[in-house]
1. Looking at (1) within 17 Å of the chain's Cα centre (by Cα); (2) among the hydrophobic types (A, V, I, L, M, F, W, C); (3) within 24 Å of residue 212 (Cβ to Cβ), which is the only condition residue 2 fails?
2. Tally the residues that are at pLDDT below 95 and at positive phi, restricting the search to the range 206-263.
3. Anything in the range 119-173 that is in contact (Cβ under 8 Å) with a residue 60 or more places away in the chain and of a type in the set (Ser, Thr, Tyr)? List them, or say none.
4. What number of residues in the range 172-220 are within 21 Å of residue 60 (Cα to Cα) and not in a helix (DSSP H, G or I)?
5. Give me the residue from the range 16-47 that is touching a helix residue (DSSP H, G or I) at 6+ places or on another chain (Cβ under 6 Å) and in a helix (DSSP H, G or I) and, out of that set, nearest to residue 286 (Cα to Cα).
6. Looking only at the range 149-204, count every residue that is under 17 Å from residue 127 (Cβ atoms), of a type outside the set (A, V, I, L, M) and more than 14 Å from the ligand (Cβ to nearest atom) and tell me the total.
7. Which of the residues belonging to the range 106-139 are assigned to a helix (DSSP H, G or I), farther than 11 Å from residue 71 by Cα and more than 13 Å from the ligand (Cβ to nearest atom)?
Amino acid sequence: MINITQTDLTDWLEHVRIYANNGNIIDYIPALANQQPETIGVAYYPVGGQVISTGQDEYMFTIQSVSKILTLALALIQHGEEAVFSRVDKEPTSEPFHSVAKLEVKDPAKPFNPMINAGALAVTNMIKGRNADEMVDELLKLIRKLSADDSISFDPEVAQSEYDTAYLNRALCYFMKQHGIVTGDVEELLDVYTKQCAIQMNVKQLARIAAVFAHDGLDPDTNEILIPGYVARICKTFMVTCGMYNESGTFAINVGIPAKSGVSGAIMGVIKRCGGIAVFGPALNEKGNSVVGIKFLEKLAEEKNWSIF
Ligand code: DON
(Lines give C-alpha, C1' and ligand atoms only; values in the text may rest on other atoms or scores of the structure.)
Protein backbone atom coordinates (compact mmCIF):
# COMPACT_ATOMS: atom_id res chain seq x y z
CA MET A 1 0.00 0.00 0.00
CA ILE A 2 1.42 3.38 -0.99
CA ASN A 3 1.04 6.03 1.66
CA ILE A 4 1.05 9.64 0.50
CA THR A 5 1.04 12.30 3.21
CA GLN A 6 0.29 16.00 3.36
CA THR A 7 4.02 16.60 3.91
CA ASP A 8 4.84 14.66 0.73
CA LEU A 9 2.54 16.90 -1.29
CA THR A 10 3.73 20.15 0.29
CA ASP A 11 7.45 19.32 0.13
CA TRP A 12 7.42 18.07 -3.42
CA LEU A 13 5.24 20.86 -4.78
CA GLU A 14 7.66 23.39 -3.27
CA HIS A 15 10.53 21.41 -4.73
CA VAL A 16 9.16 21.61 -8.30
CA ARG A 17 7.89 25.21 -8.05
CA ILE A 18 11.10 26.36 -9.79
CA TYR A 19 9.81 24.74 -12.99
CA ALA A 20 6.52 26.67 -12.96
CA ASN A 21 7.70 29.07 -15.65
CA ASN A 22 9.47 26.47 -17.79
CA GLY A 23 7.15 26.00 -20.69
CA ASN A 24 4.39 27.73 -22.57
CA ILE A 25 0.79 28.54 -21.74
CA ILE A 26 -1.42 27.38 -24.59
CA ASP A 27 -2.70 30.15 -26.77
CA TYR A 28 -4.60 28.39 -29.55
CA ILE A 29 -7.65 28.55 -27.28
CA PRO A 30 -7.70 32.33 -26.76
CA ALA A 31 -9.58 32.22 -23.42
CA LEU A 32 -6.81 30.07 -21.89
CA ALA A 33 -3.93 32.30 -22.97
CA ASN A 34 -4.06 34.34 -19.76
CA GLN A 35 -3.64 31.39 -17.38
CA GLN A 36 -0.86 32.24 -14.89
CA PRO A 37 2.13 29.84 -14.77
CA GLU A 38 2.53 30.25 -10.99
CA THR A 39 -0.96 28.82 -10.39
CA ILE A 40 0.09 25.34 -9.33
CA GLY A 41 -1.64 22.84 -7.06
CA VAL A 42 -1.92 19.18 -6.23
CA ALA A 43 -4.39 16.85 -4.48
CA TYR A 44 -4.45 13.20 -3.49
CA TYR A 45 -7.68 11.31 -2.82
CA PRO A 46 -7.00 7.98 -1.10
CA VAL A 47 -9.47 5.12 -1.51
CA GLY A 48 -11.48 5.09 1.71
CA GLY A 49 -9.77 8.19 3.10
CA GLN A 50 -9.77 11.97 3.22
CA VAL A 51 -8.52 14.15 0.37
CA ILE A 52 -5.27 16.05 1.00
CA SER A 53 -4.06 18.96 -1.11
CA THR A 54 -1.70 21.91 -1.32
CA GLY A 55 -0.98 24.97 -3.47
CA GLN A 56 -3.83 26.57 -5.42
CA ASP A 57 -6.17 23.72 -4.62
CA GLU A 58 -9.38 25.74 -5.07
CA TYR A 59 -8.42 27.12 -8.48
CA MET A 60 -10.95 26.04 -11.11
CA PHE A 61 -9.32 25.02 -14.39
CA THR A 62 -10.88 23.48 -17.48
CA ILE A 63 -10.01 19.80 -17.85
CA GLN A 64 -9.51 19.84 -21.65
CA SER A 65 -8.22 16.45 -22.83
CA VAL A 66 -8.68 14.81 -19.43
CA SER A 67 -12.35 14.77 -20.50
CA LYS A 68 -11.49 12.27 -23.24
CA ILE A 69 -11.22 9.50 -20.64
CA LEU A 70 -14.63 10.40 -19.28
CA THR A 71 -16.40 10.49 -22.66
CA LEU A 72 -14.75 7.18 -23.46
CA ALA A 73 -16.11 5.71 -20.22
CA LEU A 74 -19.57 7.08 -21.03
CA ALA A 75 -19.56 5.78 -24.63
CA LEU A 76 -18.47 2.33 -23.42
CA ILE A 77 -21.21 2.31 -20.78
CA GLN A 78 -23.83 3.41 -23.31
CA HIS A 79 -22.80 1.31 -26.32
CA GLY A 80 -20.33 -1.39 -25.28
CA GLU A 81 -16.86 -2.26 -26.55
CA GLU A 82 -17.74 -3.53 -29.99
CA ALA A 83 -19.64 -0.43 -31.08
CA VAL A 84 -17.05 2.02 -29.70
CA PHE A 85 -14.08 0.24 -31.26
CA SER A 86 -15.82 0.06 -34.61
CA ARG A 87 -15.33 3.86 -34.71
CA VAL A 88 -11.92 4.24 -33.08
CA ASP A 89 -8.87 2.01 -32.83
CA LYS A 90 -6.84 1.03 -29.75
CA GLU A 91 -3.31 1.78 -30.86
CA PRO A 92 -0.88 4.48 -29.72
CA THR A 93 0.52 6.90 -32.28
CA SER A 94 3.72 8.88 -32.34
CA GLU A 95 1.89 11.88 -33.79
CA PRO A 96 0.85 14.93 -31.71
CA PHE A 97 -2.71 14.99 -30.34
CA HIS A 98 -4.10 17.30 -33.02
CA SER A 99 -2.43 15.56 -35.98
CA VAL A 100 -4.39 15.05 -39.19
CA ALA A 101 -1.67 12.95 -40.84
CA LYS A 102 -2.60 9.45 -39.66
CA LEU A 103 -6.26 9.70 -40.67
CA GLU A 104 -5.27 9.30 -44.28
CA VAL A 105 -3.08 6.24 -43.84
CA LYS A 106 -5.94 4.05 -42.67
CA ASP A 107 -8.86 2.67 -44.57
CA PRO A 108 -11.45 3.52 -43.40
CA ALA A 109 -10.23 6.73 -41.76
CA LYS A 110 -10.50 5.27 -38.26
CA PRO A 111 -8.59 7.36 -35.68
CA PHE A 112 -5.75 5.48 -33.97
CA ASN A 113 -7.06 5.88 -30.42
CA PRO A 114 -9.65 7.79 -28.35
CA MET A 115 -7.06 10.08 -26.71
CA ILE A 116 -5.98 12.00 -29.81
CA ASN A 117 -8.41 14.68 -30.92
CA ALA A 118 -9.74 12.76 -33.94
CA GLY A 119 -10.52 9.70 -31.81
CA ALA A 120 -12.03 11.75 -29.01
CA LEU A 121 -14.30 13.56 -31.47
CA ALA A 122 -15.45 10.20 -32.89
CA VAL A 123 -16.23 9.00 -29.33
CA THR A 124 -18.06 12.19 -28.33
CA ASN A 125 -20.15 11.78 -31.49
CA MET A 126 -21.53 8.56 -29.94
CA ILE A 127 -22.87 10.06 -26.69
CA LYS A 128 -26.63 9.59 -26.45
CA GLY A 129 -28.92 12.61 -26.65
CA ARG A 130 -31.31 14.29 -29.07
CA ASN A 131 -29.18 17.41 -29.22
CA ALA A 132 -25.93 18.94 -27.95
CA ASP A 133 -27.44 20.03 -24.62
CA GLU A 134 -28.69 16.52 -23.85
CA MET A 135 -25.33 15.02 -24.76
CA VAL A 136 -23.45 17.46 -22.50
CA ASP A 137 -25.96 16.72 -19.73
CA GLU A 138 -25.28 12.98 -20.01
CA LEU A 139 -21.57 13.62 -19.60
CA LEU A 140 -22.06 16.04 -16.71
CA LYS A 141 -24.30 13.49 -14.99
CA LEU A 142 -21.46 10.94 -15.06
CA ILE A 143 -18.81 13.45 -13.97
CA ARG A 144 -20.95 14.71 -11.09
CA LYS A 145 -21.30 11.11 -9.93
CA LEU A 146 -17.55 10.42 -10.16
CA SER A 147 -16.61 13.66 -8.41
CA ALA A 148 -19.49 13.39 -5.90
CA ASP A 149 -20.17 17.03 -6.67
CA ASP A 150 -23.38 18.21 -8.32
CA SER A 151 -21.99 21.69 -8.94
CA ILE A 152 -19.58 20.57 -11.69
CA SER A 153 -20.25 22.37 -14.98
CA PHE A 154 -18.43 23.90 -17.96
CA ASP A 155 -16.98 27.37 -18.46
CA PRO A 156 -19.09 28.86 -21.28
CA GLU A 157 -16.45 31.47 -22.16
CA VAL A 158 -13.69 28.88 -22.69
CA ALA A 159 -16.09 26.63 -24.62
CA GLN A 160 -17.14 29.47 -26.93
CA SER A 161 -13.55 30.62 -27.39
CA GLU A 162 -12.49 27.13 -28.48
CA TYR A 163 -15.59 26.67 -30.64
CA ASP A 164 -14.87 29.91 -32.49
CA THR A 165 -11.27 28.92 -33.27
CA ALA A 166 -11.42 25.10 -33.59
CA TYR A 167 -10.36 25.07 -37.24
CA LEU A 168 -8.25 21.95 -36.96
CA ASN A 169 -10.83 19.98 -34.99
CA ARG A 170 -13.46 21.09 -37.53
CA ALA A 171 -11.23 19.78 -40.31
CA LEU A 172 -10.81 16.44 -38.48
CA CYS A 173 -14.58 16.14 -38.07
CA TYR A 174 -15.41 16.91 -41.68
CA PHE A 175 -12.74 14.48 -42.85
CA MET A 176 -14.20 11.76 -40.62
CA LYS A 177 -17.74 12.62 -41.71
CA GLN A 178 -16.70 12.10 -45.33
CA HIS A 179 -15.54 8.60 -44.33
CA GLY A 180 -18.58 7.73 -42.21
CA ILE A 181 -16.71 7.72 -38.85
CA VAL A 182 -18.56 10.82 -37.70
CA THR A 183 -22.29 11.11 -38.33
CA GLY A 184 -24.79 13.95 -37.96
CA ASP A 185 -24.17 17.65 -37.65
CA VAL A 186 -20.47 18.53 -37.27
CA GLU A 187 -21.18 21.92 -35.67
CA GLU A 188 -23.31 20.23 -33.03
CA LEU A 189 -20.50 17.76 -32.37
CA LEU A 190 -18.01 20.62 -31.96
CA ASP A 191 -20.46 22.32 -29.61
CA VAL A 192 -20.51 19.21 -27.36
CA TYR A 193 -16.75 18.63 -27.65
CA THR A 194 -15.74 22.18 -26.77
CA LYS A 195 -18.11 22.14 -23.79
CA GLN A 196 -16.72 18.80 -22.58
CA CYS A 197 -13.17 20.23 -22.79
CA ALA A 198 -14.32 23.33 -20.87
CA ILE A 199 -15.67 21.33 -17.91
CA GLN A 200 -14.22 23.00 -14.84
CA MET A 201 -12.95 21.67 -11.56
CA ASN A 202 -10.18 22.00 -9.00
CA VAL A 203 -7.44 19.47 -8.20
CA LYS A 204 -9.40 17.97 -5.29
CA GLN A 205 -12.38 17.18 -7.52
CA LEU A 206 -10.14 15.76 -10.24
CA ALA A 207 -8.25 13.62 -7.70
CA ARG A 208 -11.57 12.10 -6.63
CA ILE A 209 -12.38 11.14 -10.21
CA ALA A 210 -8.93 9.53 -10.48
CA ALA A 211 -9.64 7.67 -7.22
CA VAL A 212 -12.69 6.01 -8.83
CA PHE A 213 -10.36 4.56 -11.50
CA ALA A 214 -7.86 3.56 -8.79
CA HIS A 215 -10.71 1.65 -7.13
CA ASP A 216 -11.58 -0.15 -10.39
CA GLY A 217 -14.71 1.92 -11.01
CA LEU A 218 -16.06 1.90 -7.47
CA ASP A 219 -16.88 4.95 -5.37
CA PRO A 220 -13.77 5.44 -3.20
CA ASP A 221 -15.94 6.22 -0.16
CA THR A 222 -18.97 3.94 -0.45
CA ASN A 223 -17.79 1.16 -2.83
CA GLU A 224 -20.88 1.72 -5.01
CA ILE A 225 -20.27 0.78 -8.67
CA LEU A 226 -19.94 4.04 -10.61
CA ILE A 227 -18.23 2.62 -13.71
CA PRO A 228 -18.23 -1.09 -14.64
CA GLY A 229 -14.84 -2.66 -13.82
CA TYR A 230 -14.06 -3.56 -17.43
CA VAL A 231 -14.70 0.04 -18.54
CA ALA A 232 -12.36 1.38 -15.83
CA ARG A 233 -9.74 -1.14 -16.96
CA ILE A 234 -9.98 -0.09 -20.62
CA CYS A 235 -9.75 3.60 -19.68
CA LYS A 236 -6.67 2.99 -17.51
CA THR A 237 -5.00 1.00 -20.28
CA PHE A 238 -5.48 3.91 -22.70
CA MET A 239 -4.07 6.24 -20.04
CA VAL A 240 -0.88 4.15 -19.99
CA THR A 241 -0.51 3.74 -23.75
CA CYS A 242 -1.84 7.12 -24.98
CA GLY A 243 -2.74 9.34 -22.00
CA MET A 244 0.33 11.57 -22.24
CA TYR A 245 0.25 11.55 -26.07
CA ASN A 246 3.59 11.11 -27.80
CA GLU A 247 5.30 11.36 -24.41
CA SER A 248 3.44 8.30 -23.02
CA GLY A 249 6.45 5.99 -23.28
CA THR A 250 8.80 8.33 -21.41
CA PHE A 251 6.12 8.97 -18.79
CA ALA A 252 5.55 5.22 -18.35
CA ILE A 253 9.26 4.72 -17.70
CA ASN A 254 9.72 7.74 -15.42
CA VAL A 255 6.40 7.75 -13.53
CA GLY A 256 4.82 4.37 -14.25
CA ILE A 257 1.13 4.97 -13.56
CA PRO A 258 -1.95 5.45 -15.80
CA ALA A 259 -2.40 9.20 -16.33
CA LYS A 260 -4.19 11.69 -18.55
CA SER A 261 -3.18 15.25 -19.33
CA GLY A 262 -4.94 18.30 -20.74
CA VAL A 263 -3.56 21.44 -22.40
CA SER A 264 -4.89 23.60 -19.58
CA GLY A 265 -2.06 22.07 -17.49
CA ALA A 266 -4.04 19.38 -15.65
CA ILE A 267 -2.87 15.79 -15.13
CA MET A 268 -4.80 13.05 -13.34
CA GLY A 269 -2.93 9.95 -12.23
CA VAL A 270 -4.18 6.62 -10.95
CA ILE A 271 -2.37 4.70 -8.23
CA LYS A 272 -4.04 1.30 -8.32
CA ARG A 273 -6.02 0.36 -5.20
CA CYS A 274 -4.46 3.33 -3.36
CA GLY A 275 -5.90 6.55 -4.71
CA GLY A 276 -6.14 9.28 -7.33
CA ILE A 277 -3.71 12.14 -7.76
CA ALA A 278 -4.32 15.40 -9.63
CA VAL A 279 -1.77 18.08 -10.37
CA PHE A 280 -2.17 21.40 -12.12
CA GLY A 281 0.44 23.72 -13.63
CA PRO A 282 -0.40 25.55 -16.86
CA ALA A 283 3.08 25.88 -18.43
CA LEU A 284 3.39 23.05 -20.96
CA ASN A 285 6.26 21.26 -22.65
CA GLU A 286 6.39 20.81 -26.42
CA LYS A 287 4.20 17.66 -26.20
CA GLY A 288 1.40 19.62 -24.52
CA ASN A 289 1.92 18.21 -21.01
CA SER A 290 2.32 20.22 -17.78
CA VAL A 291 6.02 20.67 -16.93
CA VAL A 292 5.42 21.07 -13.18
CA GLY A 293 2.92 18.23 -13.25
CA ILE A 294 5.38 15.80 -14.80
CA LYS A 295 8.25 16.91 -12.55
CA PHE A 296 6.06 16.51 -9.48
CA LEU A 297 4.88 13.04 -10.47
CA GLU A 298 8.42 11.95 -11.36
CA LYS A 299 9.71 13.01 -7.94
CA LEU A 300 6.90 11.32 -6.06
CA ALA A 301 7.13 8.17 -8.21
CA GLU A 302 10.80 7.87 -7.41
CA GLU A 303 10.27 8.36 -3.71
CA LYS A 304 7.24 6.08 -3.43
CA ASN A 305 8.42 3.49 -5.94
CA TRP A 306 4.84 3.25 -7.25
CA SER A 307 5.54 2.20 -10.85
CA ILE A 308 3.19 -0.59 -11.99
CA PHE A 309 5.90 -1.99 -14.23
O1 DON B 1 -9.23 19.88 -28.68
C2 DON B 1 -8.31 20.52 -28.20
O3 DON B 1 -7.33 20.83 -28.86
C4 DON B 1 -8.38 20.89 -26.73
N5 DON B 1 -9.72 21.19 -26.33
C6 DON B 1 -7.89 19.76 -25.87
C7 DON B 1 -6.51 19.28 -26.25
C8 DON B 1 -5.73 18.77 -25.09
O9 DON B 1 -6.02 19.02 -23.95
C10 DON B 1 -4.50 18.02 -25.41
N11 DON B 1 -3.78 17.74 -24.18
N12 DON B 1 -2.68 17.83 -23.82
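The values are calculated or read from the model by the stated rules, or taken from the named source; none is laboratory data. Not measured: the values here are computed from a predicted model. Virtual Cβ from ideal backbone geometry, glycine too; neighbours counted across all protein chains shown.
1. (1)
2. Final tally of qualifying residues: 1.
3. If the condition is that a residue be in contact (Cβ under 8 Å) with a residue 60 or more places away in the chain and of a type in the set (Ser, Thr, Tyr), then 124, 147, 161, 165 are the ones that fit.
4. Result for the range 172-220: 5.
5. 19
6. Residues flagged as under 17 Å from residue 127 (Cβ atoms), of a type outside the set (A, V, I, L, M) and more than 14 Å from the ligand (Cβ to nearest atom) within the range 149-204 amount to 7.
7. Of everything in the range 106-139, those that are assigned to a helix (DSSP H, G or I), farther than 11 Å from residue 71 by Cα and more than 13 Å from the ligand (Cβ to nearest atom) turn out to be 132, 133, 134, 137.
Conditions (1) away from the ligand (no atom under 12 Å from the Cβ); (2) farther than 20 Å from residue 199 by Cβ; (3) assigned to a helix (DSSP H, G or I), marked per residue:
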position	(1), (2), (3)
246	no, yes, yes
250	yes, yes, yes
257	yes, yes, no
260	no, no, no
263	no, no, no
276	yes, no, no
288	no, no, no
293	no, no, yes
298	yes, yes, yes
